[in-house]
Amino acid sequence: MEACSFEGKKIWILRVDTGEDILISLKNFIKEKGIKQGLVVMGYGTMAQVGIHWVLHNRFPPDNKFDKWEGGIELMSMNGIIVEGEPHIHFTASTMYGAFGGHMEEGCTCYVLCEIGIVELDGPQMTREMVSIAADPGGKPVKRPQLKFKR
Amino acid sequence: MEACSFEGKKIWILRVDTGEDILISLKNFIKEKGIKQGLVVMGYGTMAQVGIHWVLHNRFPPDNKFDKWEGGIELMSMNGIIVEGEPHIHFTASTMYGAFGGHMEEGCTCYVLCEIGIVELDGPQMTREMVSIAADPGGKPVKRPQLKFKR
Amino acid sequence: MEACSFEGKKIWILRVDTGEDILISLKNFIKEKGIKQGLVVMGYGTMAQVGIHWVLHNRFPPDNKFDKWEGGIELMSMNGIIVEGEPHIHFTASTMYGAFGGHMEEGCTCYVLCEIGIVELDGPQMTREMVSIAADPGGKPVKRPQLKFKR
């Protein structure tokens, strides 16, 4: 573990409109406003389509399952961070039959309403650097894009 | 999509007590403290009853299903915003049989403990204005209360 | 209900690494940095194991069910507060078969990645004090560690 402190710069509210892709809208907003790093602390609304992936097991190397479907879906939370202008977002959603969630992919579109809260961060620069975190069954290193704090 | 930046004014922690309605408590707190706009970034605790609605499909006009029930329920997140003193909140909750969530209605009562985190916002005024977002099968406009930023 | 306002001091990002316990890492971080109080507003990643408890019903006294298991699990949100250096965290997680969540116990370990956002708070001191919130069927008081604001 490692931790680093930042100053809150601005708090942004992003409104995504009916039919727009939530992740693409967030990426366009980040580019337009020149945001380098931030915390995505809030996201809610409704969705007409979902794009998602999940990890499939807890071994190395990881395997992901990607899926897409459509329907009337409540979006209850978005949590993630923006590093070097790139968002990494997990979300929780539900229908009346129960909740699901995972890694947000393109394909999550706004149905009636979607509003996102972002805290832009000032301070040390964050980067992602590939580091070995484990070995696969053949002994080959498994890497992940680890968060680094440049103080 | 449209985005607007704000300054964080104060960070509030609201403690809701056993038997109290979570949404009504939040509304009373907003009124008492004269809060105009803010981000609801955190909410957790346990609930003895739930009041909720979900969208039922992704066509226009939307249809909602409202429900209420009681039980011992973990509250895991509350995400939403306060505009012109009105909160719009989505929540996620769970029992040992799985999670659910959606739009928070009156009827969610605190069981043992409930604590909520609100970031009050300074800056441009937000409003909600009815705008057409789609047409129903007969061609009649479908409206939603869209977030507007008055800069 | 009762509410109190705080100033945001610093915003922390905590990176938890593969194999590390999420709650223990958070506790170690709090101790190392001397954090007294804060809001946990964001947490996401993947987990290889889960440690959780849920309330079982809505009567007094409450009963909790504790559970632990392992698998490849998406972590979608962490919400909670830190009072007198002690974190109280609820989380939401999911596999492709659906979401679950509740009170985070030790036993939630990071699989590939886990990043947590904490807003350190300045202002009135918060404490937890045991207060009676109900009576059990025999009339004996049931207590909970209620949040108090020392203004």
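Seen from all directions on average, the range C:64-119 presents a Cα convex hull projection of 4.6 nm². Annotation: the residues C:Val83, B:Val40, sorted from fewest to most other C-beta atoms within 10 Å of their own C-beta, follow the order C:Val83, B:Val40. A point 7 Å from Cα along Cα→Cβ stands in for C:Asp63, and the other copies hold the same point at 4.0, 4.0 nm, listed in rising order.
Take peptide B:106-113, look around each residue's Cβ out to 10 angstrom, count Cβ atoms belonging to other protein chains, and average those counts.
Working: counts 0, 0, 0, 1, 2, 9, 11, 8.
Mean inter-chain Cβ contacts per residue within 10 Å come to 4.
Taking a point 7 Å out from Cα toward Cβ as the label site, list the nm distances between A:Gly98 and the same residue in every other copy, smallest first. Result for A:Gly98, in nm, nearest copy first: 0.2, 0.2.
Under 24 Å Cα to Cα from A:Lys148, which lysines show up? Leave out anything in the same chain fewer than 8 places away. Candidates past the 8-residue exclusion: A:Lys9, A:Lys10, A:Lys27, A:Lys31, A:Lys33, A:Lys36, A:Lys140, C:Lys9, C:Lys10, C:Lys27, C:Lys31, C:Lys33. Taken over the Cα atoms of the range B:13-151, the convex hull encloses 108 Å³ per residue.
Using the 2.2 N^0.38 Å rule of thumb for compact globular proteins, work out how the protein assembly as shown stacks up: its C-alpha Rg over that value, please. Numbers along the way, then the final one.
On the way: Rg = 20.7 Å, N = 453, 2.2 N^0.38 = 22.5 Å.
Rounded to two decimals, the normalised Rg is 0.92.
By the compact-protein rule of thumb, 2.2 N^0.38 Å, the alpha-carbon radius of gyration of the range B:23-68 corresponds to a ratio of 1.57. A simple spin-label model places pseudo-atoms 7 Å from Cα toward Cβ; at A:Ala135 and A:Phe66 they are separated by 3.1 nm.
Comment: the Cα-to-Cβ extended label point of B:Glu129, at 7 Å, lies 5.0, 5.0 nm from its counterparts in the other copies, nearest first. For the range A:85-151, the list of chymotrypsin sites (Phe, Trp or Tyr not before Pro) that fall in a loop by DSSP and count at most 16 other C-beta atoms within 10 angstrom reads A:Tyr97.
GNM remark for chain A: springs join alpha carbons under 10 Å apart, and the peak mean-square fluctuation among A:Thr95, A:Thr18, A:Thr127 falls on A:Thr95.
Based on the Kirkwood radius over alpha-carbon pairs, what is the Stokes-Einstein translational diffusion coefficient of the range C:15-94 at 25 °C with 0.890 mPa s viscosity, in µm²/s? Spell out each step's value before the answer.
Working: Rh = 13.9 Å.
The diffusion coefficient I find is 176 µm²/s.
Think of it this way: in chain A, A:Cys4, A:Cys108 stand alone, with no other Cys Cβ under 4.7 Å.
FYI, it's all coordinate maths here, none of it is from the lab. Bear in mind that the values here come from a model prediction, so they are computed numbers and not experimental data. Neighbour counts run over all protein chains shown; Cβ positions are idealised from the backbone, glycine included.
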